[in-house]
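J.: Below is the structure I would like to discuss, written out as structure tokens.
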Amino acid sequence: MSHLRALAGGLALAAGLGTVVPAEGQKQYDPGASDAEIKLGQTMPYSGPASAYGTIGRAQAAYFQMLNAQGGVNGRKLTLISVDDGYNPAKTVEQVRKLVEREQVLVIFQSLGTASNMAVQRYLNAQKVPQLFVATGATKFGDPKAAPWTMGWQPSYRAEATVYAKHILQTRPAAKIAAIYQNDDYGKDYLESLRAGLGSKADMIVKEASYETTDPAVDSQIVALQASGADTLFIFATSKFAAQVIKKTYDIGWRPLVFVNSVSSSVAAVMVPAGLDKAIGVITAQYAKDPTDPQWSKEKAFKDWVEWMKKHYPQGDLADNLNVYAYSVAQTMVLVLKQCGNDLTRENVMRQAANLKNVDLPMLLPGIKLNTGPDDYFPIKQMQLARFDGKRWVLFGPLLTAEGR
């Protein structure tokens, strides 16, 4: 039994989702759905080197629990079974098989990690079980021809890295780039995408270094990168290691322009451990409202999120943008289930997930909307650059896509 299931009584949380008029027609169910219940399965790294991301699963559980008293999705309670995989793909395989074969969930929802999701992608697609809104932007999770039962949610890592590349080419065309990346499909996807975005200027990358998730620290890699003479540093890492890189870079007196990937840009989980003063000037890309940015503080959407956090997830950190992320993805899952009406087959879940049109979620940046289609499995495509000022992220420039618009 996972730690989170033990704490939350299995996290079988009945989620009421407001008054919704059921779609007309005969009721149709696949395993995990009935007149009374819809069951979702999820793996999360509640332990291990990526445990900072465990707040995503806890926040989503709290979101569904908040909705308990509101009647369910078309009269059905929503049950979330979220289990620990320790950020270990072998454990993910074991847990996902249990969720599908023993727990009989309708959908695998928001499991986290590139390698973890890759380890079960073939199995879930062979079983025709939705692998929906995976908590990774790896490029291969938005390919409906190769994997029609797998869909992303956040912008792809390729799109994000391309945004960074275009910014460098426009503002620092003579830059000497160093990059540190996690030595797995997650880190390599970012690095390869940066190279692709730089195109014929990919030789601007003068030094690369990798780390393993089992490494205690990355000090030697940072010293080696500094010795390359690079004046620009890209960090493609998970939260724990991103904080280490920012801190070590500052402590040894190296002052490159630093970029950190969006999934490791939490003020609470990365900047505070690194040292707020040591993170000044770091650049990232955002698509959601950062909870440390005061410009949102008077908006109703932001106030609603803060109220939800304080009332329903008080142990969550108000400075952690992962809790904004979790809240927004949970809202997306609810919308898809509402659209399913009484046709709760796995095929219809995927059909509705691929039929999101100009969805305006309250905590996304203004102008960013969710859109999907049968050939479009990345709902979010725009981002905006932001610079850390020692206290919060400050947005700058226009909304951008990989195409530059």
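Laboratory data are not the source of any read-out in this text; all were calculated from the coordinates shown. Note that the coordinates shown come from a computational prediction; the quantities given were computed from them, not determined experimentally. Here the Cβ is made from the backbone with ideal geometry for all residues, glycine too, and neighbour counts use every protein chain on show.
J.: Can you tell which of Lys201, Lys240, Lys207, Lys188 is without any contact (Cβ under 8 Å) to a residue 12 or more places away in the chain and either in contact with a Leu (Cβ under 8 Å, 6 or more places away or on another chain) or under 24 Å from Asn117 (Cα atoms) (or both)?
T.: Result: Lys188 is the single residue among Lys201, Lys240, Lys207, Lys188 that is without any contact (Cβ under 8 Å) to a residue 12 or more places away in the chain and either in contact with a Leu (Cβ under 8 Å, 6 or more places away or on another chain) or under 24 Å from Asn117 (Cα atoms) (or both).
J.: Still on this structure, I have one more. Working only within segment 246-264, note down all residues that are part of a helix (DSSP H, G or I) and of a type in the set (Lys, Arg).
T.: Lys247, Lys248
J.: Among the residues of segment 76-118, write down those that are part of a helix (DSSP H, G or I), among the small types (Gly, Ala, Ser) and either in contact with a Ser or Thr (Cβ under 7 Å, 6 or more places away or on another chain) or touching a residue at least 40 places away in the same chain (Cβ under 8 Å) (or both).
T.: Within segment 76-118, Ala115, Ser116 meet the criteria.
J.: Hey, can you tell me all the residues within segment 325-346 that are charged (D, E, K, R) and under 16 Å from Leu370 (Cβ atoms)?
T.: Correct list: Lys338 only.
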